[in-house]
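S.K.: This is the structure I have questions about; it appears just below.
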Amino acid sequence: MCIRDSILAFIVDDFIDSATPVGSQSLVERHSLGLSSATVRNEMAALEEEGLITHPHTSAGRIPSHRGYRYYVSSLMPERSLSSQEQFTILHQFHQASGQLEEWVQLAASVLANNLHNVALVTQPRLLEVRLKHLQLVELLDNRALLVVVTTDSGAHQRTLEFPVTMHQEALSRLATRLNVEFGNRTVAEFPLRQGLEPLGEAELVVVSAVRELLLREEQAAVEAPIVHGVREMLRQPEFGQSDRMLDTLEAVDERRLRDAIPSGAMGEGDVAIVIGDENRAGPYQDMSFVLARYGLPGGASGMLGVLGPTRMAYGDAVANVRYVSDVLTELMRRLHEGE
């Protein structure tokens, strides 16, 4: 690691620990850099010019910018795993709980909030892929028909369709049978796949477009409002001491707002996602960071868990805890599924 990267890492670590701007002299004294304060100041000036640290108000010290945090977590942050004692403590809590999934989810949120002193959020596991089980078409007046769509998660949805021509029940039943054969058990991402087949007719297009829209809406609704723990813990952070910041924070951690704000698209399979500051949606989330992971069975039901806190977050600790609790929940779900 070059000198400049080392200085940035020290600034991030010191600011996370102290919540106060970091000066060149304190860096030299605390970390025994073997450099003069003038040399460190020059390196800090270069870091500021690169947009990795910033100069708050009239303070002589510097703090990391959102870009600086991103560079730190992507390139400089050391890998952190929970110790055997930390793992044992978490596992013991889960083994003390009943074998109910709902209790495990609540416990996961409590464990993360207590360990990381920030807001923990966990969603109940659900199927991410919504597939068409079958559809029915029922004749109504004139050129209208009732579309009934049943999905593989047992959801049932209805919509009134209007066709360019009058469709009687016999024709509607034939159309429904044809589309069930072609599109049954498919996700919306697989609509329509018609290599080597005739293009969809006008009536078929009306039905398929409506089914696509219904499946998309069902997939989006699959993200439930999360269970939230640790609001008081986060409000004790110095960032939220001012009354206006506290009110914004309370609004941000409302379960319904959080459901829409969670950057679920950032999560990959088996990985922990870190979304920092201005990478989030507008509003109070631009001064916060998410650390998120999925848990659950491959190809089956899954949920999301993680923490939300100020950008001045101990990211290494957050990643280690989120990853481990995610692994614990996944293993518990596997045992439940296999009837152990």
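S.K.: Tell me, which strands (runs of 3 or more DSSP E) wholly within the stretch 67-159 include 3 or more residues that are under 30 Å from ASP287 (Cα atoms)? Break it down into steps so the answer makes sense when it comes.
M.R.: On the way: elements: 119-122, 132-139, 144-151.
Answer list for the stretch 67-159: 119-122.
S.K.: Please enumerate the residues belonging to the stretch 1-27 that are touching a Phe, Trp or Tyr at 6+ places or on another chain (Cβ under 7 Å) and either in a helix (DSSP H, G or I) or on the phi > 0 side of the Ramachandran plot (or both).
M.R.: Matches in the stretch 1-27: LEU8, ALA9, VAL12, LEU27.
S.K.: Give the stretch 95-112 a look and list any residue that's under 23 Å from the mean Cα position of the chain (by Cα) and touching a residue at least 24 places away in the same chain (Cβ under 8 Å), or say none. If you could, list the steps in order and put the result at the bottom.
M.R.: Looking only at the stretch 95-112, we keep the residues that are under 23 Å from the mean Cα position of the chain (by Cα), and these are 101-112.
LEU101, TRP104, VAL105, GLN106, ALA108, ALA109, SER110, VAL111, LEU112 - these are the residues of the stretch 95-112 that are under 23 Å from the mean Cα position of the chain (by Cα) and touching a residue at least 24 places away in the same chain (Cβ under 8 Å).
S.K.: Please work out if GLY303 is in a loop (DSSP other than H, G, I, E, B), modelled with pLDDT under 90, out of contact with any Leu (no Cβ under 6 Å at 6 or more places or on another chain) and within 22 Å of MET333 (Cβ to Cβ).
M.R.: Numbers: in a loop (DSSP other than H, G, I, E, B): no; modelled with pLDDT under 90: yes; out of contact with any Leu (no Cβ under 6 Å at 6 or more places or on another chain): yes; within 22 Å of MET333 (Cβ to Cβ): yes.
No, not satisfied.
S.K.: Taking the stretch 20-60 as the region of interest, how many residues are touching a Pro at 6+ places or on another chain (Cβ under 8 Å) and exposed (fewer than 13 other Cβ atoms within 10 Å of the Cβ)?
M.R.: 3
S.K.: If you check ARG217, ARG245, ARG257, ARG174, which single one turns out to be over 30 Å from SER75 (Cα atoms), at pLDDT 85 or above, part of a helix (DSSP H, G or I) and open to solvent by 60 Å² or more (accessible area, probe 1.4 Å)?
M.R.: Values: ARG217 fails: at pLDDT 85 or above; ARG245 fails: at pLDDT 85 or above; ARG257 fails: at pLDDT 85 or above.
On inspection, the qualifying residue turns out to be ARG174.
S.K.: Listed residues ASP287, ASP327; which is modelled with pLDDT of 85 or more, open to solvent by 60 Å² or more (accessible area, probe 1.4 Å), acidic (Asp, Glu) and farther than 27 Å from LEU91 by Cβ?
M.R.: Numbers: ASP327 fails: farther than 27 Å from LEU91 by Cβ.
Of the residues listed, the single one that is modelled with pLDDT of 85 or more, open to solvent by 60 Å² or more (accessible area, probe 1.4 Å), acidic (Asp, Glu) and farther than 27 Å from LEU91 by Cβ is ASP287.
S.K.: If I filter the stretch 119-133 for residues that are open to solvent by 10 Å² or more (accessible area, probe 1.4 Å), free of Cβ contacts under 8 Å to residues at least 60 places away in the same chain and touching a Gly at 6+ places or on another chain (Cβ under 8 Å), do I get at least one hit?
M.R.: yes
S.K.: Can you confirm whether the stretch 72-84 contains a residue that is surrounded by fewer than 16 Cβ atoms within 10 Å (Cβ to Cβ) and in contact with a strand residue (DSSP E or B) (Cβ under 9 Å, 6 or more places away or on another chain)?
M.R.: yes
S.K.: Oh, and also: Across the stretch 28-52, what is the number of residues that are in contact (Cβ under 8 Å) with a residue 12 or more places away in the chain, outside any loop (DSSP other than H, G, I, E, B) and under 35 Å from the mean Cα position of the chain (by Cα)?
M.R.: 4
S.K.: Look through the stretch 305-323, keep the residues that are of a type in the set (A, V, I, L, M) and open to solvent by 10 Å² or more (accessible area, probe 1.4 Å), and return whichever of them is farthest from ILE53 (Cα to Cα).
M.R.: First, the residues of the stretch 305-323 that are of a type in the set (A, V, I, L, M): 305, 307-308, 313-314, 318-320, 322.
Filter again for open to solvent by 10 Å² or more (accessible area, probe 1.4 Å), leaving 314, 319.
Details: ALA314: 17, VAL319: 23 Å.
So the residue we want is VAL319.
S.K.: Tally the residues that are under 19 Å from GLY306 (Cβ atoms) and surrounded by 11 or more Cβ atoms within 10 Å (Cβ to Cβ), restricting the search to the stretch 88-102. Can you show your working first?
M.R.: Our first condition is that a residue be under 19 Å from GLY306 (Cβ atoms); within the stretch 88-102, this holds for 90, 93-94, 101-102.
Checking the rest, the ones that are also surrounded by 11 or more Cβ atoms within 10 Å (Cβ to Cβ) come to 90, 93-94, 101.
Count: 4.
The values are calculated or read from the model by the stated rules, or taken from the named source; none is laboratory data. Remember, it's a predicted structure, so these values are computed and weren't measured experimentally. Because the Cβ atoms are built from the backbone with ideal geometry, glycine has one as well, and the counts that use them run over all protein chains shown. When the accessible area is computed, the model is the full protein with side chains, heavy atoms only, and any ligands, DNA or RNA have been set aside. Shrake-Rupley method; radii C 1.70, N 1.55, O 1.52, S 1.80 Å.
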